[in-house]
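See below for the structure under consideration.
The values are calculated or read from the model by the stated rules, or taken from the named source; none is laboratory data. This is a predicted model, so every value here is computed, not measured. Cβ sites come from the backbone with ideal geometry, for glycine too, and all protein chains shown count toward neighbours.
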Amino acid sequence: MGLALSAVFGCAREPAGDEAGETEDTAAGTEDGQTSSEGETGSGSTSESESSSDDAGTSSESEDTSSDDATSGESEGTSSETGTETDTGSAVGCDRPVFVNDFDDDTPGPYVDLADWNDPPWDSGVEEGRVEIIEGDDAFAGRSLRIHYPEGGVGPSQGGAQWRLEFDASYTELYLAYRIRFAPGFDFVKGGKIPGLVGGTAPTGCVEDQTGFSARGMWRTDGRAVQYMYWPEKVENCGDDYDYMLDDTPVTFAPGQWHLVEHRLRMNTPGVADGVLQAWMDGELVLDEQDFLYRTADYDYAVDAMYFSTFFGGSGADWAPTTDETVDFDDFVVCEGPITH
Ligand SMILES: [Ca+2]
Ligand SMILES: [Ca+2]
C-alpha cells in the first residue's frame with residue numbers, strides 16, 4: 001500500500017530538531033558492561049526468569065549534554081538516496097515518511113554512513129567492525145546491512161551494534177518497519193535485541209523509570225519473536241515480553257529467511273490505558289494491544305526516536321552466541337501511516 005519507497009526518498013531526511021528532550025545516551029561502549037551486571041544481580045525478585053535479567057542495553061546514562069547533535073550538514077549529505085529505485089519485490093510503502101534507509105547508496109564493506117541516521121551522537125559496533133554493507137545475492141535488494149555477533153560476545157559492547165535515530169519531531173502515532181534475516185543455521189540461544197521505537201527517557205537496562213518507554217523487538221529461544229517493552233507499569237524489572245502470536249501459535253524467525261516486521265505505537269491519553277501496540281510479521285498481525293499505557297497522567301512525551309539496538313543478551317555467558325553469527329537488515333521505514341499491510 002502507499003507509495004513505493006523510491007517515491008518518498010526525497011523527503012526522508014531532514015535535520016533533526018532535537019526537541020525530544022529525553023536524556024541523551026552516552027558512548028555506547030558504556031552501555032553494556034555495567035548494566036549487564038545490574039541486570040543479573042539487581043533484579044533480585046525474579047531470579048528464575050531470564051526475562052527479568054536480560055537487558056544489557058541502557059540509555060539511562062545522561063552525562064552527554066551535547067543535546068543538539070543535529071548538525072545541519074549531515075542530512076544534506078544523504079540526499080543521494082533520492083532516486084534510489086532498487087527496492088524491488090518489496091511490500092513496503094509509506095505515504096508520510098519520517099525516515100527511510102535501504103542502504104543502496106552505501107559502499108560494500110565496513111559501514112561508514114551513520115550520518116544517514118541523523119548523525120547519532122554515539123554508537124557501538126561501527127568502529128569495532130561489526131557493521132558491514134553487503135550486496136549481491138546476500139542482500140535483500142541492492143545493498144543491505146549486516147551486523148556481526150562474535151562467538152561469546154554478550155551485550156552491545158561485545159557484539160552487535162547500537163545507535164539512536166532521533167526524529168525531527170515527536171509523534172503521537174508512528175510505524176516502524178524493517179527487513180531482517182538471521183543467518184542460516186543461526187543459534188538463537190536465549191535471546192537478543194532488535195530495533196524499535198522509544199520515547200521520553202527511553203528506559204532500558206533494567207531500570208525503574210516511569211518517564212518514558214522503549215519498544216524494541218527481541219528474538220527469544222528457538223527464534224520466538226516478541227515485543228520487548230519498558231513502560232511505566234512494567235511487571236518485570238528488565239522489561240516485559242509481548243509474544244507475537246498467529247492463530248494461537250508463537251511466531252518465530254526462521255534462520256536464512258528474510259522477514260518483514262512492522263511495529264505500530266499510538267500514544268495513550270496521559271494516564272489512561274488506551275494506547276495501541278501492534279506488530280506485524282510478514283504482513284500478518286501478530287500483536288494487538290489496545291489498552292497500553294506508555295505515559296502516566298503527568299507526562300505528554302510521545303515517540304521521539306528509533307533505537308537501532310541489536311545484540312545477544314541479556315547478560316551472562318548463558319546468553320552468548322555459540323559461534324560467530326550475523327543478522328542482516330534492510331529497508332528501514334519510519335512512517336506516520338501503515339507500511340507493510
Ligand atoms: Ca537495500
Ligand atoms: Ca547511506
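Might you check whether a residue that is of a type in the set (A, V, I, L, M), in a loop (DSSP other than H, G, I, E, B) and away from ligand 2 (no atom under 16 Å from the Cβ) occurs anywhere in the stretch 90-107? Reasoning before the result, please.
Here is the first cut: in the stretch 90-107, the ones of a type in the set (A, V, I, L, M) are 91-92, 98, 100.
Now restrict to residues that are in a loop (DSSP other than H, G, I, E, B): 91-92.
Among the residues that remain, those that are also away from ligand 2 (no atom under 16 Å from the Cβ) are: 91-92.
Yes, the stretch 90-107 has at least one match.
Can you spot a residue in the stretch 142-155 that is within 30 Å of Asn268 (Cβ to Cβ) and touching a Ser or Thr at 6+ places or on another chain (Cβ under 8 Å)? Before the answer, list the steps.
Residues of the stretch 142-155 that are within 30 Å of Asn268 (Cβ to Cβ), as a first pass: none.
No, because not a single residue in the stretch 142-155 is within 30 Å of Asn268 (Cβ to Cβ) and touching a Ser or Thr at 6+ places or on another chain (Cβ under 8 Å).
So Asp282 ticks every box in (1) touching a residue at least 60 places away in the same chain (Cβ under 8 Å); (2) surrounded by fewer than 23 Cβ atoms within 10 Å (Cβ to Cβ); (3) at positive phi but one. Which box is left unticked?
(1)
Among the strands (runs of 3 or more DSSP E) lying completely within the stretch 182-262, list those that include at least 2 residues that are at pLDDT 95 or above and among the hydroxyl-bearing types (Ser, Thr, Tyr). Give the steps one after another, and end with the answer.
Working: elements: 191-200, 212-220, 225-230, 240-243.
In the stretch 182-262, the matching strands (runs of 3 or more DSSP E) lie at 225-230.
Taking the condition in contact with a strand residue (DSSP E or B) (Cβ under 8 Å, 6 or more places away or on another chain), among the acidic types (Asp, Glu) and away from ligand 1 (no atom under 16 Å from the Cβ), does Asp123 pass?
The answer is yes for Asp123.
Taking the stretch 108-149 as the search range and keeping residues that are part of a helix (DSSP H, G or I) and either within 12 Å of ligand 2 (Cβ to nearest atom) or aliphatic (A, V, I, L, M) (or both), which one is surrounded by the fewest Cβ atoms within 10 Å (Cβ to Cβ)?
Restricting to residues being part of a helix (DSSP H, G or I) and either within 12 Å of ligand 2 (Cβ to nearest atom) or aliphatic (A, V, I, L, M) (or both), the top hit is Ala115.
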